[in-house]
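The values are calculated or read from the model by the stated rules, or taken from the named source; none is laboratory data. What you are looking at is a predicted structure, and each value in this text was computed from that prediction instead of being measured. Calculation scope for accessible area: heavy atoms of the full protein, side chains included, ligands and nucleic acids excluded. Shrake-Rupley method; radii C 1.70, N 1.55, O 1.52, S 1.80 Å.
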Amino acid sequence: MEDIVLPRVKLPRPDWLRIRVAPGDERDKVRKLMSRLKLHTVCASAQCPNLCECFHHSTATYLIMGNACTRNCKFCAVPHSSHPEPLDAGEPERVAEASAELGLKFVVVTCVTRDDLPDGGAAHFAATVKALKARIPDVKVEVLVSDLHANREHIKTVLDSGPTVFNHNIETVERLSSSIRSVATYRRTLEVLKIASELAQDKIPVKSGLMVGLGETDEEVEATLRDLRAAGVSIVTIGQYLPPSDTHWPLQRYVTPEKFDEWAQYARELGFKQVASAPLVRSSYRAGELANHGC
């Protein structure tokens, strides 16, 4: 399939995407803590628009296994490297230490994709979940994993560590997937989600998310929601794509809040237990609220 090339147009940002910066020093507290413990957050690495809000509430999504991804997706701001640094064996304990210092009860852990590792980093994910549970006995942990090459044993390794939620994003609709994503495919993502759902046996909710504004149609969004539900996904997020730079995939439209509401209603009608659909929604945004109502 040939890559899709879309025009790069300048669209004025609508009022509903104005981001309010919360006052206070919690942002600096989180930043300094991550720096001291040599940890990364996807909030900063991926330039999330909700960074100020989440840091103000002393929450962050950890980015483990380094700060360089072996893939180079056209929508993502995380740095790319074909030769990332070796895994840091002490990282899981530092994630647990940081979470304890912040007083977190719900922790989201995601990763750069590590195609250089035989298990894609599954064991490191499991070690991080176990370290968190050992340090904070009543903690809940959402894991947002790479596709782990759709390997059943690797997915099982992560699930066996006992996360509260298993998340893997589909990112976009099928027609655009191969042009926007690097190595990952739409069908492989569905396979990962289906395997996770089968292994979890309703004990661990399976979650996924997609961005809109990349050139998809409304009908394609609905088709993606149907595919996710058929794969066993019970929690879904839909948010507005915002290009990290002029060299990333070009923005094609700003979706109105009303349309996000329509998709949310459609997703609930399909049987999703929890839906977050709004312009500034991101995969891990207010993840604890979704998990607490979706489990």
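Observations, loosely collected:
- For a straight C-alpha distance cut-off of 30 angstrom, the lysines reachable from Lys194 (same-chain residues fewer than eight places away being disregarded) are Lys74, Lys105, Lys130, Lys133, Lys140, Lys156, Lys203, Lys207, Lys259, Lys273.
- Area projected by the alpha carbon convex hull of the range 149-238, averaged over all directions, nm²: 5.4 nm²
- Sequence-distant residues sharing a close amide H with Ser182 (under 5 Å, placed H): Asn72, Cys73, Lys74
- Averaged over its residues, the chain has an accessible area of 46 Å² per residue, based on protein heavy atoms and a 1.4 Å probe.
- Mean ellipticity per residue at 222 nm, deg cm²/dmol - from DSSP H runs of n ≥ 4 across the chain, formula -39500 (n - 2.57): -11500 deg cm²/dmol
- Other-chain or far-sequence residues with amide H under 5 Å of Val107's (modelled H): Lys140, Val141, Glu142
- For His40, the residues whose amide H sits under 5 Å from its own are Leu63, ignoring neighbours fewer than 5 places away on the same chain, with H placed 1.01 Å from N.
- Relative contact order (%) - the range 185-295, alpha-carbon pairs under 8 angstrom, separation at least six: 30 percent
- In sequence order, calculated HN-Hα J values of the range 159-169 (Karplus, 6.51, -1.76, 1.60; Hz; x Gly/Pro): 5, 5, 6, x, x, 7, 9, 10, 10, 8, 7
- Relative contact order (%) - the chain, alpha-carbon pairs under 8 angstrom, separation at least six: 16 percent
- Only beta bridges with both residues in the chain are counted; by DSSP, about 5 percent of them are antiparallel.
- What a 1.4 Å probe finds exposed on the chain is 50% carbon and sulfur by accessible area, rounded to a whole percent.
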